[in-house]
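Below is one structure; the comments refer to it alone.
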Amino acid sequence: MQVTFEQMWTDLAPVGRSATTGGYHRQPFTAAEREAHAWFLEECARRDLRVESDGFGNVIAWWDAGSGPAVLTGSHLDSVREGGAYDGPLGVVSALAAVDVLRDRGFVPSRPIGVGVFAEEEGSRFPLACLGSRLASGRLDWASARELRDREGVAFGDVVEGGTSDLLRDVDVYVELHVEQGRDLVDRGAAVGVASAIWPHGRYRFDMTGAADHAGTTRMEDRRDPMLTYAMTVLAANKQARVSGQRATFGRVDVDPGSTNGIPSTVTAWMDARASDEPALEALVGDVTRLATERAQRDGTMVAVIAESATPEVRFDAALARRLAGADRPVIPTAAGHDAGILQTAGIPTAMLFVRNPTGVSHSPEEHAETADCLAGVEALADVLADLAGGS
Ligand SMILES: [Zn+2]
């Protein structure tokens, strides 16, 4: 029995969704994310796709056909905390639906087609985005990955088997379909677009250290309060990003000891920064670091900035992008990172299809795509796979 796109979407929708907010919590290797994976494996079994996995939590379901290097599509099933339904799962569900479309058309590929699900794309549990695809493509080694720890101190090495991966050994092209995480396609009136490039981006941890003291007895002028340094740093990051046309966000902060009646001893905050090119990103991070340090001198605190991750600009394969765009699909850059960027950097020619998101909002329950646009995305992906996998 064939399961339609709509039915798959309905089946997957409740997994990891908060009953109160509607936000998704599919952190890697938690019960909700594992349930989503189990759903994926069931759908693969239903389609007689051969499932292959590696020791990092990555999976590819193969439509074995013909011979020669494979065409890979897919995306991820994990989410940020309080994420939306579409970021990741849309690419996976669309890939399965595209296989159905091709089979309905009677298409027989001349080479294998894989539907991949990469682990920990969002970096919402372990502090490195695209962890699964970095490991599978050899962009990151196991020795460094196994030591990455989540907020509870659990090491990545404790939740996966590890080792090496040869999942991508036969892949020579990757196409990822993804919900758009902005309003470019809305403004252009297009249901589906093609990615040209991913902005360089990184995550920077700011450790601000002062002196814990009593909120009542410590005179204002005697304080060494890292919260002030933090507050000014957030404002400085916002201003610097605005004036330079780039992006800077503080979305996570830990305060220690975190008592209402005490001046904190340390504030640790994470800045996500993205820019249209690498010198602009360097300048942005440099400016924010300088302003934080200047402020720290006035506050009597200390600031240390550590780049937890930095991803250079990725330009997708231009010929492939033109082929996907055809005559009428817009080609647009994105400021969001993706597994597709990792694979392109690893030397696998890669392209992305974006599906219009009417809210333009992502990493939030507001993220959305209309069913008609999703189905247009499935058709576009099926056409691309048919084109790349030759066959009849
Ligand atoms: Zn994504």
| message | Any residue that is more than 15 Å from the ligand (Cβ to nearest atom), surrounded by fewer than 18 Cβ atoms within 10 Å (Cβ to Cβ) and more than 15 Å from the chain's Cα centre (by Cα) - is there at least one of those in the stretch 336-346? | response | yes
| task | For SER137, state whether it is polar (S, T, N, Q), under 22 Å from the mean Cα position of the chain (by Cα), within 16 Å of the ligand (Cβ to nearest atom) and assigned by TED's automatic domain parsing to the domain that holds LEU375. | result | no
| request: Name every residue in the stretch 100-125 that is away from the ligand (no atom under 16 Å from the Cβ) and either in a loop (DSSP other than H, G, I, E, B) or within 17 Å of the chain's Cα centre (by Cα) (or both), in order of residue number. | output: ARG105, GLY106, PHE107, VAL108, PRO109, SER110, ARG111, PRO112
| field | Failed item in (1) among the basic types (Lys, Arg); (2) under 23 Å from SER124 (Cα atoms); (3) more than 23 Å from the chain's Cα centre (by Cα), with ARG242 passing the rest | value | (2)
| request: Filter the stretch 220-247 for residues that are within 23 Å of ASP277 (Cβ to Cβ) and either loosely packed, with under 13 Cβ neighbours inside 10 Å or out of contact with any Lys or Arg (no Cβ under 8 Å at 6 or more places or on another chain) (or both) and give the result. | output: ALA237, ASN238, LYS239, GLN240, ARG242, VAL243, SER244, GLY245
| message | Any residue at all in the stretch 292-309 that's within 25 Å of LEU343 (Cα to Cα), surrounded by fewer than 15 Cβ atoms within 10 Å (Cβ to Cβ), among the hydrophobic types (A, V, I, L, M, F, W, C) and within 21 Å of the chain's Cα centre (by Cα)? | response | yes
| remark: TYR174 fails exactly one of (1) within 16 Å of the ligand (Cβ to nearest atom); (2) over 30 Å from ASP141 (Cβ atoms); (3) not charged (D, E, K, R), namely (2)
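Each row is one residue, and each column tells you yes or no for (1) of a type in the set (Val, Ile, Thr); (2) over 24 Å from the mean Cα position of the chain (by Cα); (3) under 30 Å from VAL355 (Cα atoms); (4) not assigned by TED's automatic domain parsing to the domain that holds LEU385.
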site	(1), (2), (3), (4)
ARG223	no, yes, no, yes
PRO226	no, yes, no, yes
THR249	yes, no, yes, yes
ALA269	no, no, no, yes
ASP287	no, yes, no, yes
| remark: Taking the stretch 310-331 and keeping residues within 16 Å of the ligand (Cβ to nearest atom) and either at pLDDT below 95 or more than 13 Å from ALA195 (Cα to Cα) (or both) leaves THR311, VAL314
| query | Are any residues in the stretch 5-60 at positive phi and free of Cβ contacts under 8 Å to residues at least 60 places away in the same chain, and if so, which ones? | reply | ASP48
| field | Any chance ASP256 is among the acidic types (Asp, Glu) and closer than 30 Å to ALA292 by Cβ | value | yes
| Residues (of a type in the set (Lys, Arg), part of a loop (DSSP other than H, G, I, E, B) and closer than 22 Å to ASP277 by Cα) located in the stretch 180-219 | ARG183
| task | Within the stretch 71-105, count every residue that is at positive phi and of a type in the set (D, E, K, R). | result | 1
| With the stretch 313-392 as the region, which helices (runs of 4 or more DSSP H) entirely inside it contain at least 1 residues that are touching a His at 6+ places or on another chain (Cβ under 7 Å)? | 339-345
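The values are calculated or read from the model by the stated rules, or taken from the named source; none is laboratory data. As the structure is a prediction and not an experimental result, all values here were calculated from the model. Methodologically, a virtual Cβ is constructed for each residue, glycine included, from the backbone with ideal geometry; neighbour enumeration extends over all protein chains shown.
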